[in-house]
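Asker: There's a structure below that I have some questions on.
The values are calculated or read from the model by the stated rules, or taken from the named source; none is laboratory data. Everything numeric in this text was worked out from a predicted model, so none of it was measured. When we count neighbours, we look across all protein chains shown, and the Cβ atoms used for this are built from the backbone with ideal geometry, even at glycine. Accessible surface areas use protein heavy atoms only, side chains included; no ligands, DNA or RNA. Shrake-Rupley method; radii C 1.70, N 1.55, O 1.52, S 1.80 Å.
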Amino acid sequence: MHQPPVPNVARTDPELAELINEEARRQFEKIRLIPSENYVSLAVLEAAGTVLTNKYSEGYPGRRYYEGQQFIDPIERLAQERARDLFGVDHANVQPYSGSPANLAVYMAFCQPGDTVMGMGLPAGGHLTHGAPPTASGKWFRSVQYGVRRDTGRVDLDEVRDLALKERPKVIFCGGTAIPRTIDFPAFAAIAAEAGATLIADIAHIAGLIAGGAHPSPVGHAPVISTTTHKTLRGPRGAMIMSTAEHASALDRAVFPGLQGGPHNHTTAAIAVALAEAAQPEFAGYARQVVANARALADALLGHGFELVSGGTDNHLILMDLTSRGIGGKPAAKALDRAGIELNYNTVPFDPRKPFDPSGVRLGTPAITTRGLREEHMPQVAAWFDDAIMAALKDDEAAIERIGGEVRELMAGFPMAGWAPAA
Ligand code: DSN
């Protein structure tokens, strides 16, 4: 059952309590490889589930539009201070509701509608909010997009520079959602400086790796850094914008009153807890292990003949092109899920297929690392992965079910904060 238990939900809304408990069990039993997901600690869960949700606090500590902020102000100040200390930045705004609103606030702080903005294309590994055509960032701005090289699968910095000098964007986003390689922040900073643009590092995927010293930091290169708090950073669902002192008030004004009303104080408290956890020495061990596990998993998958975009990984994430295996990303992801291995189907660079039925899958190791899996488990995960794909190609549901049972058996040995067997 879910931990902490939910006896009051069970009494007043048994149907919902059952769904919560079953989701906790599902998270316990599966090998969860979605690279943007994780397991938060019980302390983060507790903080997120408090009476802080009852309070309105529009404004910032010391400057609120509602009374009764005696305890909310120090909570938000704690979160800000811990973010500043952990990442070594001048300023941190911990109020954005999530990554997309955070990035919209960045546009609001630096751009006017119609301005030119630049980011990595979604099919190449960027994020929707980095100027993708169907989003506000693509519709309200003149968006130019860079990609990766066809031969290496890596960001083409020559293309970025040429495009930036030709188009002169107001902002350049680096970072994304399907980038398996180290982001070269100094190179992006040099390009932004030459083009007269402000560099925004979206570190949502790698924030935990940066905090734990397992990926270079953008601090000192990008004056503005946006991130979610729930991926490798292992906090609640939320976001932060960090910056140099110079940009602090423009960013604060963009978040509130520009885009948002009252901050979600229960989330702010849980972010503060997660940031304190990320400052502990064990967190650096976790971050290093995430990367070691991803490398071991990538090597094992390559050993089974799978094709990985860029040939491998430097971080927590692996992007796989399944074209040569004769299966689309979506049927593969669905079969793997039935086999107890959860990931998401994903476009790969230059994908000839549509985003809702793409050629690839995206996987990563933050969640399984939190559960305690290590390099020695990765060959088995890769073998199950291969077996499940083969079974899917042969419509062999019995084999898929057998793998699911074996996965459940393995994961039963790795405790999960948030779930415990019923007493
Ligand atoms: N949805 C997130 C991810 O899975 O990477 C990005 O916003």
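Asker: Confirm whether residue 325 is of a type in the set (Lys, Arg) and over 27 Å from residue 375 (Cα atoms).
Answerer: no
Asker: Let me ask something else. Just checking, which of 66, 97 is of a type in the set (Phe, Trp, Tyr) and under 18 Å from the mean Cα position of the chain (by Cα)?
Answerer: None of the others qualify; the one that does is 97.
Asker: Continuing with the same structure: Counting only residues that are under 19 Å from residue 185 (Cα atoms) and out of contact with any Ser or Thr (no Cβ under 6 Å at 6 or more places or on another chain), which one in region 234-246 is nearest to the ligand (Cβ to nearest atom)?
Answerer: This residue is 242.
Asker: Where residues in region 175-210 are assigned to a helix (DSSP H, G or I) and under 14 Å from the mean Cα position of the chain (by Cα), which of them is farthest from the ligand (Cβ to nearest atom)? Before you say what the answer is, go through the steps one by one.
Answerer: In the first step, residues of region 175-210 are kept if they are assigned to a helix (DSSP H, G or I); the result is 185-195, 207-210.
Restricting the remaining residues to those that are under 14 Å from the mean Cα position of the chain (by Cα) gives 207-210.
Details: 207: 12, 208: 13, 209: 14, 210: 16 Å.
Step by step, filter region 175-210, then rank; the result is 210.
Asker: Just to be sure, is residue 222 among the small types (Gly, Ala, Ser), surrounded by fewer than 22 Cβ atoms within 10 Å (Cβ to Cβ) and within 25 Å of residue 278 (Cα to Cα)? Give the steps one after another, and end with the answer.
Answerer: On the way: among the small types (Gly, Ala, Ser): yes; surrounded by fewer than 22 Cβ atoms within 10 Å (Cβ to Cβ): no; within 25 Å of residue 278 (Cα to Cα): yes.
No; evaluated as a whole, the condition is false for this residue.
Asker: List pairs: first residue in region 291-302 and closer than 21 Å to residue 216 by Cα, second residue of a type in the set (Lys, Arg) and outside any helix (DSSP H, G or I) anywhere in the structure, Cβ distance under 7 angstrom, at least six positions apart or on different chains.
Answerer: Cβ pairs passing all conditions: 293/374.
Asker: Also: Kindly indicate which of 142, 234, 168 is touching a Gly at 6+ places or on another chain (Cβ under 8 Å), of a type in the set (D, E, K, R) and closer than 30 Å to residue 40 by Cβ. Outline the logic, then answer.
Answerer: Details: 142 fails: closer than 30 Å to residue 40 by Cβ; 168 fails: closer than 30 Å to residue 40 by Cβ.
Answer to the check: 234.
Asker: Among the residues that make up region 50-69, is at least one of them more than 16 Å from the ligand (Cβ to nearest atom), of a type in the set (D, E, K, R) and either in a helix (DSSP H, G or I) or open to solvent by less than 20 Å² (accessible area, probe 1.4 Å) (or both)?
Answerer: Of the residues in region 50-69, the ones more than 16 Å from the ligand (Cβ to nearest atom) are 50-69.
Next, only the ones that are of a type in the set (D, E, K, R) stay: 55, 58, 63-64, 67.
If we keep only those that are either in a helix (DSSP H, G or I) or open to solvent by less than 20 Å² (accessible area, probe 1.4 Å) (or both) as well, we get none.
No, region 50-69 contains no residue that is more than 16 Å from the ligand (Cβ to nearest atom), of a type in the set (D, E, K, R) and either in a helix (DSSP H, G or I) or open to solvent by less than 20 Å² (accessible area, probe 1.4 Å) (or both).
Asker: Which one of these is within 16 Å of the ligand (Cβ to nearest atom), touching a residue at least 60 places away in the same chain (Cβ under 8 Å) and open to solvent by less than 50 Å² (accessible area, probe 1.4 Å): 36, 41?
Answerer: That would be 36, the only listed residue that is within 16 Å of the ligand (Cβ to nearest atom), touching a residue at least 60 places away in the same chain (Cβ under 8 Å) and open to solvent by less than 50 Å² (accessible area, probe 1.4 Å).
Asker: Could you list all residues from region 282-303 that are open to solvent by 30 Å² or more (accessible area, probe 1.4 Å) and farther than 18 Å from residue 209 by Cα?
Answerer: 299, 302, 303
Asker: Go through region 118-143 and give me each residue that's within 25 Å of residue 359 (Cβ to Cβ) and either more than 16 Å from the ligand (Cβ to nearest atom) or surrounded by fewer than 22 Cβ atoms within 10 Å (Cβ to Cβ) (or both).
Answerer: Within region 118-143, 121, 123, 128, 132, 133, 134, 135, 138, 143 qualify.
Asker: Related question: Among the residues of region 161-170 satisfying the criterion of being part of a helix (DSSP H, G or I) and touching a residue at least 40 places away in the same chain (Cβ under 8 Å), which is surrounded by the most Cβ atoms within 10 Å (Cβ to Cβ)?
Answerer: Here the residue is 164.
Asker: Considering 232, 267, which residue is assigned to a loop (DSSP other than H, G, I, E, B) and open to solvent by less than 30 Å² (accessible area, probe 1.4 Å)?
Answerer: Selected residue: 232, the only one of 232, 267 that is assigned to a loop (DSSP other than H, G, I, E, B) and open to solvent by less than 30 Å² (accessible area, probe 1.4 Å).
Asker: Moving on. Only one residue in 77, 25 is farther than 24 Å from residue 342 by Cβ and either in a helix (DSSP H, G or I) or more than 16 Å from the ligand (Cβ to nearest atom) (or both), so which one is that?
Answerer: 77
Asker: Find all pairs meeting these conditions: Cβ atoms under 9 angstrom apart; at least six residues apart or on different chains; first residue within region 73-85 and farther than 10 Å from residue 275 by Cα and in contact (Cβ under 8 Å) with a residue 12 or more places away in the chain; second residue open to solvent by less than 30 Å² (accessible area, probe 1.4 Å) and polar (S, T, N, Q).
Answerer: Pairs found: 73/57; 75/265; 75/268; 76/57; 76/69; 76/95; 76/265; 76/268.
Asker: A further question follows. Please state which one of 149, 154 is closer than 22 Å to residue 355 by Cβ, touching a residue at least 40 places away in the same chain (Cβ under 8 Å) and surrounded by fewer than 23 Cβ atoms within 10 Å (Cβ to Cβ).
Answerer: 154
Asker: Taking region 94-110 as the search range and keeping residues that are out of contact with any Pro (no Cβ under 7 Å at 6 or more places or on another chain) and either open to solvent by less than 10 Å² (accessible area, probe 1.4 Å) or of a type in the set (A, V, I, L, M) (or both), which one is nearest to the ligand (Cβ to nearest atom)?
Answerer: Checking each candidate, the answer is 103.
Asker: Regarding region 394-417, can at least one residue be identified that is over 25 Å from the mean Cα position of the chain (by Cα) and closer than 30 Å to residue 148 by Cα?
Answerer: No, every residue in region 394-417 fails to be over 25 Å from the mean Cα position of the chain (by Cα) and closer than 30 Å to residue 148 by Cα.
Asker: Quick one: what pairs do we get from region 227-250, first residue farther than 14 Å from residue 106 by Cβ, second charged (D, E, K, R) and within 13 Å of the ligand (Cβ to nearest atom), C-beta under 7 Å, 6+ apart or different chains?
Answerer: The qualifying pairs are 230/237.
Asker: Applying the selection to region 171-182, what residues are crowded, with 18+ Cβ neighbours inside 10 Å and out of contact with any His (no Cβ under 6 Å at 6 or more places or on another chain)?
Answerer: Correct list: 171, 172, 174, 175, 178, 179, 180, 181.
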